[in-house]
Amino acid sequence: MSLSRQHEMHKRRFSRNLGLGLVLAAFVALVFGLTVAKVSNEDFALPTGEEAS
């Protein structure tokens, strides 16, 4: 009896976890990209004391 044999359930679970991990990584990359795009906008500037008054 070999201990290295995997049951089909483990193969399906691994593929499901891999897919979910890729979707999560894509979501994180999307949020990071949107954040960088918003902050690096040329119109973005912190208000100075003269403009706030």
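The values are calculated or read from the model by the stated rules, or taken from the named source; none is laboratory data. If you're wondering where the values come from, they're calculated on a predicted model, not measured in any experiment. So basically every Cβ, Gly included, is an ideal-geometry build from the backbone, and we count neighbours across all protein chains shown.
Does segment 41-50 contain any residue that is among the acidic types (Asp, Glu), in a loop (DSSP other than H, G, I, E, B), exposed (fewer than 10 other Cβ atoms within 10 Å of the Cβ) and at pLDDT below 85? So that I can check it myself, show each step before the final result.
Within segment 41-50, the subset among the acidic types (Asp, Glu) is 42-43, 50.
Pick out the ones that are also in a loop (DSSP other than H, G, I, E, B) and you get 42-43.
From the residues that got through so far, the ones that are exposed (fewer than 10 other Cβ atoms within 10 Å of the Cβ) too are 42-43.
Then drop every residue that is not at pLDDT below 85, which leaves 42-43.
Within segment 41-50, one or more residues are among the acidic types (Asp, Glu), in a loop (DSSP other than H, G, I, E, B), exposed (fewer than 10 other Cβ atoms within 10 Å of the Cβ) and at pLDDT below 85.
Results for (1) at pLDDT 85 or above; (2) outside any loop (DSSP other than H, G, I, E, B); (3) not hydrophobic (A, V, I, L, M, F, W, C), shown as yes or no for each residue.
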| residue | (1), (2), (3) |
| --- | --- |
| Met1 | no, no, no |
| Arg5 | no, no, yes |
| Ser15 | yes, yes, yes |
| Leu24 | yes, yes, no |
| Phe32 | yes, yes, no |
| Val36 | yes, yes, no |
